[in-house]
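Inspection log for the structure reproduced underneath, given as structure tokens.
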Amino acid sequence: MQSYQAYKAGDFLTDDSFIAWVCHRDAEATGFWTNWMEQAHSNRSEALLAKDILEALVNQEPPVRSETLTQETAQIMRRVRNSGAETGYPAFPMRFSRRWAAGIGLLFLLGAAWLVWGVLGMPPSLLSFLPTHHPPDEVVEQVNHTRKPVRVALPDGSSVLLQAHSRVQHRVGFGREYRAVILTGDADFEIASDTGSPFLLYTGDIVARATGSGFSVKTAHAQTVLSVRNGLVTVYTRKEFERRRNDDTSVMPGVVLTPNQQVVYRENRETFEKQLVAKPVPLTGEATSLEFTDAPLPAVLAKLRQTFGIDIVCDEKLLEKCRLTASLTGIAFFEQLRIICDDIGAYYEITDGKVILTTAGCREPGRVQ
């Protein structure tokens, strides 16, 4: 297969292999495009937009049939190109099928977004938060061309530690309803608190919503990992977020993350996996004294919950008579758990970002030095 380096959205839309991947989940095509999307192609955003348009078509009721898919996509791009140069917006046929009518609103936005992206280099997700009276040239882009992290200030007082060869984009001054940012690459965020204007981060196929939080984003091998240091962050698939945002509903399903939790989003599966971060740190960011002398184990676990903000689930009635004497100060969180489990004859596992502690009760009270 070719490299597709020079392809634009319209080219992807009419490529047989690309269509086989998005619409038919062909095994060979999926393998190729999953690998292709993992790489830092300069036109990856064009491929993502084409993927959105195809998914908008195939998800209509009734769904687009294979024999008409190419015709529909070609028609979209032809009309975008032919009319966009004069009006700035794509024209659509006066007569269209019920399928087209069902999807015309979304396709109009996607078509307009493709036109502006092709001309101005703006990612389409940001356009949904730009009112019509704000011209596209009011979008700010900041790129880290160096090999070292660079700190970037946002208009609301938030800051971004932008990793090498990464970029952020936002509207000048942000907006009143949302503070929307597009991230390409990796970054660490410290979000200024503003409950009246939630912070929305678009990166790849996910959207993160926060009000006053610290979190990091890393992308590699067709997956995105978002880890929370402080505050609260809710993560959605971009597809679901956009669909729900346009519905008249207050219900917005997502993965809620608290400090020391992370979520892994795998593009090829379109799934979330909630985990604990590899090295949980105290909520204060500083070492906390964790010295215990003949302390009831429920009290020890309560102290760990308070220190790290991590939920530790156990049957506390079985632990009422357990005592612990140990110095856990300065020891990594998972090593602390190991010491406790060794002392009382228990074991733990991580499920859905929580610690599940299992024991049949205490052995002879231990003394860990």
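The values are calculated or read from the model by the stated rules, or taken from the named source; none is laboratory data. Being a predicted model, the structure only gives us computed values, none of them experimental. FYI the Cβ positions are ideal-geometry reconstructions off the backbone, even for glycines, and counts take in every protein chain you see. Ligands, DNA and RNA are excluded from the accessible area calculation, which covers all protein heavy atoms including side chains. Shrake-Rupley method; radii C 1.70, N 1.55, O 1.52, S 1.80 Å.
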### Task
May I ask you to verify whether GLU286 is at pLDDT 90 or above and open to solvent by 50 Å² or more (accessible area, probe 1.4 Å)?
no
### Message
Anything in region 23-82 that is at pLDDT below 55 and acidic (Asp, Glu)? List them, or say none.
### Response
GLU61, GLU67, GLU72
### Message
So, HIS133, is that one at pLDDT below 85, over 19 Å from the mean Cα position of the chain (by Cα) and over 16 Å from VAL233 (Cα atoms) or not?
### Response
yes
### Extreme residue, modelled with the lowest pLDDT, among residues of region 155-173 that are assigned to a loop (DSSP other than H, G, I, E, B) and open to solvent by less than 10 Å² (accessible area, probe 1.4 Å)
SER158
### Message
All but one of (1) under 30 Å from ALA29 (Cα atoms); (2) of a type in the set (A, V, I, L, M, F, W, C); (3) in contact with a Phe, Trp or Tyr (Cβ under 6 Å, 6 or more places away or on another chain) hold for VAL264; state the number of the condition that does not hold.
### Response
(3)
#### Entry: Residues satisfying the stated conditions in region 311-343, i.e. farther than 15 Å from LYS279 by Cβ, within 31 Å of the chain's Cα centre (by Cα) and either acidic (Asp, Glu) or not in a loop (DSSP other than H, G, I, E, B) (or both)
ASP311, ILE312, VAL313
### Query
Of THR325, THR307, THR359, THR329, which residue is touching a residue at least 24 places away in the same chain (Cβ under 8 Å) and touching a Pro at 6+ places or on another chain (Cβ under 6 Å)?
THR307
### Query
Which of the residues spanning region 190-219 are in a strand (DSSP E or B) and open to solvent by 50 Å² or more (accessible area, probe 1.4 Å)?
GLU190, ARG209, LYS218, THR219
### Task
Name every residue in region 217-253 that is of a type in the set (Val, Ile, Thr) and modelled with pLDDT under 80, in order of residue number.
THR249, VAL251
### Task
Give the residue that is modelled with the highest pLDDT, with candidates limited to residues of region 267-283 that are out of contact with any Phe, Trp or Tyr (no Cβ under 8 Å at 6 or more places or on another chain) and open to solvent by 80 Å² or more (accessible area, probe 1.4 Å).
ALA278
#### Entry: Residue identified as of a type outside the set (Asp, Glu), more than 30 Å from ASP205 (Cβ to Cβ), out of contact with any strand residue (DSSP E or B) (no Cβ under 9 Å at 6 or more places or on another chain) and not in a strand (DSSP E or B) among ALA302, ALA287
ALA287
### Task
Return the total of residues in region 174-188 being farther than 17 Å from GLY254 by Cβ and not in a loop (DSSP other than H, G, I, E, B).
7
### Message
The conditions are (1) charged (D, E, K, R); (2) free of Cβ contacts under 8 Å to residues at least 40 places away in the same chain; (3) at positive phi, and GLU316 fails exactly one of them. Which is it?
### Response
(3)
